[in-house]
Amino acid sequence: MSGICGIIYFDGRTVQEEVQKMAHVIQHRGSDGIEIIKNENVGFVHLQRNVSANITPFASPIVDENGVWCVADARIDNRAELLSQLFPSLPCSEAERLGNTTLLLAAYAHWGEEMLFHLIGDFAFVLWDAPRQKLIAGRDHCAARPLYYCYQSGGFVAFASEIKSLLTLPEVSKEFNFDKIHRYLEWASSLRPYRAETFYKHIHSLPPAHLLTVEARALKSRFCWDLKLERFAHLRTDEEFIRAFKTTFLEAVRCRLQTSYPVSAHLSGGLDSSSICATAHHLLGQELHTLHFDMGDSKQAEEKRFAEHILQWGIYEHEYIAPTRDLMAAIQQMVTIFDRPDHFTLLPTYHLAAGEAIKKQGTRILLTGHDGDSVVGYGKSYPMRLLQNQKWGEFKELMVQYAQIANFSHRFEQWPEWPLSKKYAFIVRSYAQRYFVKIAKNKDWKRLIKEGWKSTKALKMLPFGVNSMPFSRVLNWIRKYKKKQKFVVETDYGFLPEQRHLVLDILHEGMVESTEEFEQIAAHYGYEAAHPFYDKRLIELCLAIPDRLKFDRGYGRGPLRAIMKEVLPEEVRLRTSKALMNEPVKTQISQHQREITRLLGEVRQILPLLFTKAQALILDGYFKRALKELAKKSSDSVQLYVREIHLAQWLLNQKRS
């Protein structure tokens, strides 16, 4: 993990000291050297941080014999394949010494602007094709490496790994993007694909798997992810899919362990992080430094007992991370690191404490189980498909199996005491109601009545809400749900309808921005955040794995549970419970209620100075609600005020600067 920045003028200006200023504010990314090259109207900077102590830093940025410049923050995972295609006559020993920047230049020379379809890894790169007077920039498929840019037609284009680098340029406006701020407060980011916009109106982020091309008077961005899932057609049986999953999963972890420094890993006690820790420990063949967020006395968030099961199965140097004491200082520090308000649900007191521990350890790679549940999947559509095909008997049998192992204690505290019949009814309705709502919205009343009657007989219950109700109440229930708006995925990514859950689960705005924040915390503390579940090859394989196998009788993530047999203790491998962070977050906030109340009151005073009258009124409504909820001792949802706290601190920072 390194850093890049640079500028290209289209209006005849010459690059002076701008790039030095851009590099200075992100110099924490260049602990192993900063290299700058300039030539009249072009200036590129590479800030180097090695993850391996026994290699010579790759030369970046570089200019090839054709006058093409390249600078990159990259780990290319399909190097061997690319080297054989791009340098077929070069001896292996020489080819292996080629840096990633050289590899990217060769890929551009060979494939041109189609190059992104051929790359696997975590990367952000920028090329300047001087003969064509065109900039080409690319970003990896899950946004593991950031890339921001600012463009003025006919004037300039600038890029950087962090927004603060772009803000050093006098040409870059600091005007706020109200629409982005409003969506942030709506908590609707999990329903929208990631967009190019940031919290600054004139600064943009390159979306994942996108290639950007910029000329003096033109800018285009296009999505470059062709799934081609037909290449998995040879996999037919469950055993074949599981073997393929194991091979791909091991490779995903191995690619992220290429370091001669100590390795750290998050160990929450959940299936995803535990699987990563156990696999990394096996591949390294040595002690692994693990970290666990200690949630104290919280019953909803306590996962320590699961983590301790893992620690008994391997040699780990384990550390429990307690939150830093000063919440207000942590919030202030985090918005400075991010150049935007925080998206994480967990407060920054934990993330900053973990960063300090990792830095002290001398680690340069942190492995996470980030978003494994979305990538490997729960096979959510499998029960729905049984309903659509009117396979009531199979659906009932599946729901009985699911009810026996499901654990919704994070939603219902009394879940463990519920009788099996009540659990079964809850799970059946969670699927059946969505199915019948869709029929009702199409006004297919005859089908609704016919299938409703069939399902009632087969499932031994009425799937509309209670076990028995007058038909008039059923109709009222339908009308109520018909009025609810259903969100339509706003995507031009080009996926087939059955593949759109990739956008919904992995590439949605909230998840990508969380990934970016992982990277920025890591950069601040001098290590690289690595997410094996975001390996492009693993994602594509999981899309091809049948939903039935992923659903796994209700356990979810069936292929991962299968390969972890005898690798993880059964208490963890078959775990279905989920931790909730609301309680520890509320506890910390309540301890600083007076300071937070003052913070929210202060930001309300400056809203008219930062926004239009209408915008200020809208935001003030959110802050008033936050103050109201903050004063309630019984308020259960931190979602009603935690983002307002982060936004308030960020806005005050902007006003002061």
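The values are calculated or read from the model by the stated rules, or taken from the named source; none is laboratory data. All values reported here derive from a predicted model rather than from experimental measurement. Neighbour counts run over all protein chains shown; Cβ positions are idealised from the backbone, glycine included.
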Looking at W69, W111 in this structure, which one is buried (at least 19 other Cβ atoms within 10 Å of the Cβ), over 24 Å from the mean Cα position of the chain (by Cα) and on the phi < 0 side of the Ramachandran plot? W69
For the range 277-292, does any single residue satisfy the condition of being at pLDDT 90 or above, in contact with a strand residue (DSSP E or B) (Cβ under 7 Å, 6 or more places away or on another chain) and among the polar types (S, T, N, Q)? yes
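For the range 376-385, enumerate the residues that are modelled with pLDDT under 95 and either of a type outside the set (K, R) or crowded, with 18+ Cβ neighbours inside 10 Å (or both).
If the condition is that a residue be modelled with pLDDT under 95 and either of a type outside the set (K, R) or crowded, with 18+ Cβ neighbours inside 10 Å (or both), then G377, Y378, G379, S381, Y382, P383, M384 are the ones that fit.
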If G369 passes every condition in (1) assigned to a helix (DSSP H, G or I); (2) under 28 Å from T259 (Cα atoms) but one, which one does it miss? (1)
Sort through T248, T259 and tell me the only one that's hydroxyl-bearing (S, T, Y), out of contact with any strand residue (DSSP E or B) (no Cβ under 9 Å at 6 or more places or on another chain) and surrounded by fewer than 23 Cβ atoms within 10 Å (Cβ to Cβ). T248
Condition first: part of a helix (DSSP H, G or I) and over 30 Å from L185 (Cα atoms). Can you find one or more residues in the range 335-355 that meet it? no
Which residue is nearest to the chain's Cα centre (by Cα), if the candidates are limited to the range 331-348 and must be over 28 Å from T259 (Cα atoms) and surrounded by 21 or more Cβ atoms within 10 Å (Cβ to Cβ)? D342
When restricted to R75, R79, the only residue surrounded by 15 or more Cβ atoms within 10 Å (Cβ to Cβ), of a type in the set (K, R) and within 24 Å of I36 (Cβ to Cβ) is R75
Sort out which residues of the range 556-571 are touching a His at 6+ places or on another chain (Cβ under 6 Å) and not in a helix (DSSP H, G or I), and write them in order of number. P569
What residue, among those in the range 608-646 that are assigned to a loop (DSSP other than H, G, I, E, B) and at pLDDT below 95, is surrounded by the most Cβ atoms within 10 Å (Cβ to Cβ)? Y641
Could you list, ordered by first residue, the pairs with Cβ atoms under 7 Å in which the first is in the range 198-211 and on the phi < 0 side of the Ramachandran plot and free of Cβ contacts under 8 Å to residues at least 40 places away in the same chain and the second is assigned to a loop (DSSP other than H, G, I, E, B) and of a type outside the set (D, E, K, R), at least 6 apart or interchain? Y200/N177; K201/S173; K201/N177
Which numbered condition R97 fails, given (1) more than 27 Å from the chain's Cα centre (by Cα); (2) crowded, with 19+ Cβ neighbours inside 10 Å: (2)
